[in-house]
1. Take GLN175 and tell me if it is among the polar types (S, T, N, Q) and closer than 29 Å to ARG14 by Cβ.
2. Where in region 1-79 are there strands (runs of 3 or more DSSP E), lying fully within it, with 1 or more residues that are within 13 Å of the ligand (Cβ to nearest atom), buried (at least 19 other Cβ atoms within 10 Å of the Cβ) and β-branched (Val, Ile, Thr)?
3. Among (1) without any contact (Cβ under 8 Å) to a residue 24 or more places away in the chain; (2) within 29 Å of THR192 (Cα to Cα), where does VAL68 come up short?
4. Looking at region 80-90, is at least one residue touching a Leu at 6+ places or on another chain (Cβ under 6 Å), among the polar types (S, T, N, Q) and in a helix (DSSP H, G or I)?
5. Quick check on my filter: what residues within region 37-48 are within 16 Å of THR7 (Cα to Cα) and touching a helix residue (DSSP H, G or I) at 6+ places or on another chain (Cβ under 6 Å)?
6. State which residue pairs qualify: first residue at pLDDT 95 or above and inside region 118-144, second residue β-branched (Val, Ile, Thr) and outside any helix (DSSP H, G or I) in any location, beta carbons under 6 Å apart, and separation of 6 or more residues or different chains.
7. So, GLY130, is that one part of a strand (DSSP E or B) and either in contact with a Ser or Thr (Cβ under 6 Å, 6 or more places away or on another chain) or on the phi > 0 side of the Ramachandran plot (or both) or not?
8. Among the residues of region 128-154, what is the count of those that are under 18 Å from the mean Cα position of the chain (by Cα), under 17 Å from LYS105 (Cβ atoms) and not aromatic (Phe, Trp, Tyr)?
Amino acid sequence: MVAVTKTVSASLVREAYECGLRHFGENRVQEAVAKEKSLDDLRGVTWHLLGHLQTNKAKKALGLFDCVQSLDSLRLARVLNGEAERCGNRLPCLVEIKVSEEPEKQGLPPESLDEFLARADEWPFLSLEGLMIVAPYFDDPRRARPYFRRARDLFDRNRGRFRGERPLLSMGMSQDFEPAVEEGANMIRIGTALFGERV
Ligand SMILES: *Cc1c(COP(=O)(O)O)cnc(C)c1O
């Protein structure tokens, strides 16, 4: 489980750490800067970037995040690879797939995944470890199930092309993590259910 800490204060993140949580997710580079600074004494934490990353912030993101879950374009892959090479470390990434029709949602179109993964050799400093999706919001979370099922299908068809010990399928949030897990998520991202409503 990734604890999603956007808008959550550093002291509350520290409390979550003391409860045993080790994976934290943020949406914005800027917000992560101050928060991580005041938490840099915590050991064994993995910071995940969940929000869209502009290429001009890639360099900064590399200093802040251990995993970028929002890899959504060839251009971003190229830029992140270059920055990771400069740092001399491989950067774990998940490819964000746009499974919903909503225009404001980010992500690579599902039909582009094959070509995207075929070019992975061009980015030796990125470790593509799986997929991330954000399903559309429904009052009845069961209605998100077809989106999770499509993601699982894409994931299964490309399983052998991901790196890492265990390929990751990151899907499911506070509202819909139950159907997501039933459909095969092996990583969920939870904010509200842990920390309360965001203001
Ligand atoms: C905010 C956010 C979450 C967590 O959402 P909750 O509904 O608060 O659990 C998960 N994933 C992404 C990409 C987010 O932006």
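1. yes
2. Output list reads 2-4, 67-71.
3. Status for VAL68: all satisfied but (1).
4. yes
5. Once the filter is applied, which keeps residues that are within 16 Å of THR7 (Cα to Cα) and touching a helix residue (DSSP H, G or I) at 6+ places or on another chain (Cβ under 6 Å), region 37-48 yields SER38, LEU39.
6. As it stands, the answer is LEU131/VAL95; LEU131/ILE97; ILE133/ILE97; ILE133/VAL99, since those pairs meet every condition given.
7. In short, yes.
8. Result for region 128-154: 9.
The values are calculated or read from the model by the stated rules, or taken from the named source; none is laboratory data. What you see is a predicted model; the values in this text were computed from it and never measured. All Cβ positions, even for glycine, are placed from backbone atoms using ideal geometry, and neighbour counts span all protein chains on display.
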